1. Ignoring everything except DSSP H segments at least 4 long, calculate the 222 nm mean residue ellipticity for the chain; use -39,500 (n - 2.57) per segment, divide by total residues, nearest 500.
2. Name the shape class, rounded, prolate or oblate, that the alpha-carbon gyration tensor gives for the chain, where a ≥ b ≥ c are the square roots of its eigenvalues, rounded holds for a/c under 1.5, and otherwise prolate holds if a/b is larger than b/c and oblate otherwise.
3. Mind pulling the angle between the C-alpha long axis of helix 59-112 and the longest principal axis of the chain? Nearest 10 degrees, somewhere in 0 to 90.
4. Check cross-link reach from K23 to the aspartates and glutamates: straight Cα distance under 15 Å, and skip same-chain residues fewer than eight apart.
5. Taking the 0 to 90 degree range and rounding to the nearest ten, how far is the long axis of helix 8-42 tilted relative to the main principal axis of the chain, both from C-alpha atoms?
6. Around V11, under 12 Å between beta carbons, what's the net of Lys plus Arg minus Asp minus Glu among the other residues?
7. Would you mind counting up the charge near A102? Only other residues with Cβ under 13 Å from its Cβ, with Lys and Arg at +1 and Asp and Glu at -1.
Amino acid sequence: MTGWDIDVVGVRGVLQNTGTAAKNLSDTGQAMQGNLEEAASAAGTITSQYGPYSSTAGLVGAALGEFLQHWSHDLLYLAERAAKSLNGAAEATGHYVEGDLAMAATAQREAAKESKVDLPGAGK
């Protein structure tokens with residue numbers, strides 16, 4: 001491997017844009033959950049005409065409930081995976097910057113050291 005050349009400003013811009021998109025996705029998921037629950041309750045119920053008079057979710061409401069139950073795990077996984085990916089990229093970029101600063105400090109320290117010159121025939 002010859003080395004790394006990361007555009008830190010570019011990475012930060014991508015992380016910011018991706019973070020905004022992830023927040024929008026999260027907000028949309030939360031809104032969808034609320035909308036599906038409202039739709040399920042508005043879709044009507046099934047009531048027995050013979051008593052006891054209890055109501056259960058109708059067919060559309062039950063289907064919406066099953067849809068939400070099925071996909072909520074996947075949506076939560078996507079949100080967690082996106083958050084971990086963004087945090088990992090930010091942390092890796094931070095370590096890269098720290099490494100650059102450490103290498104620069106080492107180079108400056110080495111350049112500032114007193115030169116040691118051995119002249120031929122000196123000390124004999």
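1. Mean residue ellipticity at 222 nm (helix-derived): -26500 deg cm²/dmol.
2. prolate
3. 10
4. E80
5. Around 10 degrees separate the two axes.
6. Values: positive: R12; negative: D5, D7, E91.
Around V11, the surrounding residues sum to -2.
7. It works out to a net charge of -2.
Laboratory data are not the source of any read-out in this text; all were calculated from the coordinates shown. Because the structure is a prediction, the values reported are computed rather than measured. Cβ sites come from the backbone with ideal geometry, for glycine too, and all protein chains shown count toward neighbours.
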